[in-house]
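Below is one structure, written out as structure tokens; the observations come after it.
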Amino acid sequence: MNWSLFPYFSLTALLLWAASAITAWRGARKWTFILSTAGLAVMSAFILGMWISLERPPLRTMGETRLWYAFFLPLVGTVVYGRWKYRWILTFSTMLACVFTLVNLLKPEIHDKTLMPALQSPWFAPHVIVYMFAYAMFGAVTVMALFLLFKRKADNMPAMMSQCDDLVRTGLSFLTIGMLFGAFWANRAWGAYWTWDPKETWAAITWLSYFLYIHLRKQGVKPEAALAVLLVSFVFLQLCWWGINYLPSAQGMSAHTY
Amino acid sequence: MEFAIGLLIVLVGLFIQLVAGPFRFGWIEPPVNGIVFWLYIIVVWSVSIGFKESRAVRWLGSIRSATGSMTWALALTLVLGLVRQQPVPFRTFPGFRDMLSNWSFLLVFLWLLTSIACAVSRVCRPLTLKKVPFLLFHLGLFLALLCGFAGKAEVRRCSMTLAVGESSWHAVSQDGSDCLLPFSIELTGFQIPYGETDAQVPRQFISSVRIDDGLSSKDCRISVNHPVRLGRWHIYQYGCDAGSSTLLLVSDRWRAMVGLGLLMMLAGAACLFVRTSRRKEHQ
């Protein structure tokens, strides 16, 4: 398996997910799950093939990270749809998966086959995969926050806010677990759990910001204020993920560059 | 009110920064850090339990104090993230280039830490099984933050660069000073195996060393992500340059306590996820 086969696998998966999103709007739940699962099977076949042919988990580069993002977004979308029955969630997850897939299609990144020594750790795969889940949940709740802030009438606000809380709590559990996995890995590689490296600092900012949302909700602040915190948190998440590459304060300062 | 209190704490921090300069971790070298650690724990827990009905303790354990301290901690951590950190050995004001030694930053985190302690002390009475995830997470965070701070004063991180055949009892500390070790390290071999398909990419850096403490010696291999432990010291593969290998030596007695705190947080986070899922299923 190699990147030259990616267009066939990714376009098939995207078509299946798009069909599943359409069936979700029409209320055909059975077909939604069948089509979504079929899309996931196609994408996971490509990832598995890459994993075998690279002889390592395809998790090292931005291109490979996008691959997992394109896989996990529809997966989380399907789980969220199955449990909470948001009809919009699959449209959202398919659109985001489409964006990540298109970036990979238009700008395929060619990578070395060998994983660099620092990344050869049992913490590597769980750290990244758990983070992907967290990012997907936060992506979903950000769209929901935008929807509630700018579109939705206030008639069903408490129920919708409760759904936001659940998405944030789930995402925050994943984010915390991913961050702690990273800390255990850093301890094994560098002899310190936390060094306030720029990447770690922005991870702490993101983490604090989402926890602030949870606590503000407990305090009973206005929903609009809490939703605004959610939007700002998502900006922090982007800065932590890829934005620090462009931040003057972080240039040449981070050990998290591979 | 919380905004004003946070602002006051930051202003007090800035005033101390102006008068006394940045916080020096050298001030709390052992045994001072141990005394500060136990004194803080005893004072904060006895006050939060003994004066639980007082207005100050009730406020410190309240959600308002939590959101206030988190907002200010977030704001100052943002400064840490946005201003390039270049600690200098002389007095600076306002000290934003060395936030980890900045009084405002430390005082705001002290407020956050005290808020956690008071919230835990309030919530844990009466103790029920349902409260365990909350307690695990918050106590874990409390332990990790406090031990990370107290331990910073006595962490020793040194590096040693050796060519094959060389040995030394001396390493170089982060500040450039000499660090005499309780053992010598001899580099008996150094390998860089390369990937099978692309010869340009190193697969691993492996140092073969002989460690001698004067009484006995032992041979071991140190590679990236595979450190070796010798008493209080952990030895890591750090880098290499033209036939020489650089090892990182770390001694940190408080690290185990920080690790325990992080494990407690991990358990708390896992419980948070399970509980959220169950709550939804119930609904």
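The values are calculated or read from the model by the stated rules, or taken from the named source; none is laboratory data. Owing to the predicted nature of the structure, the values given are computational and were not obtained by experimental measurement. FYI the Cβ positions are ideal-geometry reconstructions off the backbone, even for glycines, and counts take in every protein chain you see. Just the protein is used for accessible areas: all its heavy atoms, side chains included, with ligands, DNA and RNA removed. Shrake-Rupley method; radii C 1.70, N 1.55, O 1.52, S 1.80 Å.
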Inter-label distance, nm, simple model (7 Å from Cα along the C-beta direction), A:Ala255/B:Asp178: 2.7 nm
5 angstrom amide H check on A:Leu59, placed H, neighbours 5+ away: none
For the protein assembly as shown, calculated [θ]222 nm from helices alone, where every DSSP H run of n ≥ 4 adds -39500 (n - 2.57): -21000 deg cm²/dmol
Diffusion coefficient, µm² s⁻¹, Stokes-Einstein with Kirkwood Rh over alpha-carbon pairs of region A:125-182 at 25 °C and 0.890 mPa s: 204 µm²/s
Distance between modelled label sites at A:Phe147 and B:Ala270, nm, 7 Å Cα→Cβ extension: 3.3 nm
Protein accessible area in chain A, 1.4 Å probe - carbon and sulfur %: 69 percent
Equivalent ellipsoid dimensions for chain B as semi-axes, Å, which come from the Cα gyration tensor, largest first: 42, 25, 19
Whole-angstrom Cα spans of region B:131-283 along principal axes, big to small: 68, 44, 29
Distance (nanometres) between label positions extended 7 Å along Cα→Cβ at B:Leu260 and B:Leu129: 2.6 nm
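Residue by residue through B:63-75, how many Cβ atoms from other chains fall within 10 Å of the Cβ on average?
Whole-number average of other-chain Cβ neighbours for B:63-75 is 5.
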Rg over Rh, two decimals, the protein assembly as shown (C-alpha only, Kirkwood Rh): 0.99
Where A meets B: accessible area buried, both sides, 1.4 Å probe, Å²: 4700 Å²
Heavy-atom accessible surface of region B:150-219: percent carbon and sulfur, 1.4 Å: 47 percent
Probe 1.4 Å, accessible area per residue of the protein assembly as shown, Å²: 47 Å²
Residue among A:Thr201, A:Thr37, A:Thr65 with the largest mean-square fluctuation in a Gaussian network model of chain A, springs linking Cα atoms under 10 Å: A:Thr201
Area of A:Asp155 that stays accessible when all protein chains are in place (1.4 Å probe, Å², to 10): 120 Å²
Placed amide H near B:Asp213: partners under 5 Å, 5+ positions off or other chain: B:Ser184
Potential lengthening between B:Ile41 and B:Asp219 on full extension [0.36 nm per residue; Cα-Cα distance subtracted]: 59.8 nm
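Rank these residues by their accessible area, most exposed first, probe 1.4 Å: B:Arg24, A:Arg169.
B:Arg24, A:Arg169
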Net charge over other residues, Cβ less than 13 angstrom from the Cβ of A:Lys218 (K, R count +1; D, E count -1): +2
Per residue convex hull volume, Cα atoms of region A:159-258, in Å³: 103 Å³
Net charge dipole size for region A:1-112 [Lys, Arg +1 and Asp, Glu -1 on Cβ; Debye, nearest 20]: 620 debye
Percent of C-alpha pairs per 5 Å bin, region B:30-79, short to long: 5, 18, 15, 17, 18, 18, 8, 1
Segment A:Val99-A:Leu5, length gained on full extension (0.36 nm per residue, minus Cα span): 32.0 nm
Coordinate range along principal axes, alpha carbons of chain A, Å, largest first: 55, 43, 28
Too-long pairs where the Cα-Cα distance tops 29 Å, listed order kept, from A:Lys151/B:Lys130; A:Lys199/B:Lys218; A:Lys218/B:Lys130: A:Lys151/B:Lys130; A:Lys199/B:Lys218
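Rg over Rh of region B:17-122, using C-alpha atoms and the Kirkwood radius, what does it come to?
With Rg and the Kirkwood Rh in hand, the quotient comes to 1.03.
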Principal semi-axes in Å for region B:160-246 [√(5λ), Cα gyration tensor, largest first]: 24, 14, 12
